[in-house]
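Notes for the one structure printed next.
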């Protein structure tokens, strides 16, 4: 079953990374123009040409990034040429040793743009290339090959690399924790309506693209108010957690269960047509009815009524499916509760019950 804690952290980090990228593009444009002018005056034509190309490329990326839905590709399209241009600036014969200070930006920018995994890989690669260029250019220079300055520079680079990675790991964990809280029902641990709507939209697009079925079950616990009135709200919460646990155990990894609020739940079933969804609903109904909550010497039996709908025959939006499923749920309640109701065209006996 889809877990509400399984979050696409990269997807939610996109606005943050897009803002960082746009800021870097402006800096690259301005710095490219300034340094290209200085290098032309200094007679360093090749480096000036690279800086002009990067400045021009930044203008193109500004235009492209504003219109793209695939930000990850453009992040790489910026960082790889930018770091490569940086390596070229380190390599050209007329560059001074102070240029190597720019390499300290690589770990910071890599992690800001690409996250902890890819950011670390890019940082290690270009830091290694810069180290190789430094040793190639200055291996025979006694001034730059003294142990203490080299050790200081190495430790500083390692510290910045480590701090950048640790910060990004901590940021992702904090962000994921906040997202889990925002998309998870605090009592049952199931998804809440926010996550349900997000997953429904994605699964709807996939169903339309791959021509696969998609069904929904809406269920409501029968006479749940009497449980709260008789045993108290704390015991009522235990019943909700118990039912949620039973639902979770029955579903597949691809399914999503959600607590809509109170004693109402919804279940999304990808790759499932309505007849299969009816079978799943009946199994859930039987499981809950036959497995009461036993707690501290008290046994509480619980039943539920369920309505089923399928995308296509019952509409194309979540509102459509919920409306049909809700109508059928109340049909099940009207027939005596503890039943599953589907569309009338399924069979003459549209409502399944313990006696059917």
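Structure values in brief
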read-out: Selected from 168, 263, 210 as most flexible by GNM, with the chain as the system and alpha-carbon contacts under 10 Å; value: 210
read-out: Degrees, to the nearest 10: 9-41 long Cα axis against longest axis of the chain; value: 20 degrees
read-out: Footprinting exposure proxy for 185, 237 (fewest neighbouring C-beta atoms within 10 Å first); value: 237, 185
read-out: GNM result for the chain, Cα springs below 10 Å: residue of 337, 173, 67 fluctuating most strongly; value: 67
read-out: Angle between the chain longest axis and helix 274-290 axis [Cα atoms, degrees, rounded to 10]; value: 70 degrees
read-out: Between segment 203-281 and segment 33-57, the alpha-carbon center distance in angstrom; value: 62 Å
read-out: C-alpha long axis of helix 71-91 to longest principal axis of the chain, angle in °; value: 20 degrees
read-out: Antiparallel content of DSSP bridges confined to the chain, in %, to 5; value: 90 percent
read-out: Listed residues 328, 252, 230, most fluctuating in the chain (Gaussian network, C-alpha, under 10 Å); value: 230
read-out: Computed [θ] at 222 nm, deg cm²/dmol, the chain (DSSP H ≥ 4; -39,500 (n - 2.57); rounded to nearest 500); value: -22000 deg cm²/dmol
read-out: Exposure proxy order (Cβ contacts within 10 Å, fewest to most) of 242, 111, 16, 139; value: 139, 16, 242, 111
read-out: Listed values (1) 5, 19, 21, 15, 12, 12, 9, 6, 2, 0; (2) 5, 22, 29, 23, 14, 6, 1; (3) 6, 26, 34, 21, 10, 3, 0, entry calculated as P(r) over Cα pairs in 10 Å bins from 0, in percent; value: (1)
read-out: Ranking of 30, 40, 267, 148 by count of other Cβ atoms within 10 Å, fewest first; value: 148, 30, 40, 267
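Computed from the coordinates by the stated procedures, all read-outs in this text should not be read as laboratory data. The structure presented is a predicted model; accordingly, all values stated were derived computationally and were not measured. Counting neighbours? That spans all protein chains shown, and the Cβs are built from the backbone with ideal geometry, glycine included.
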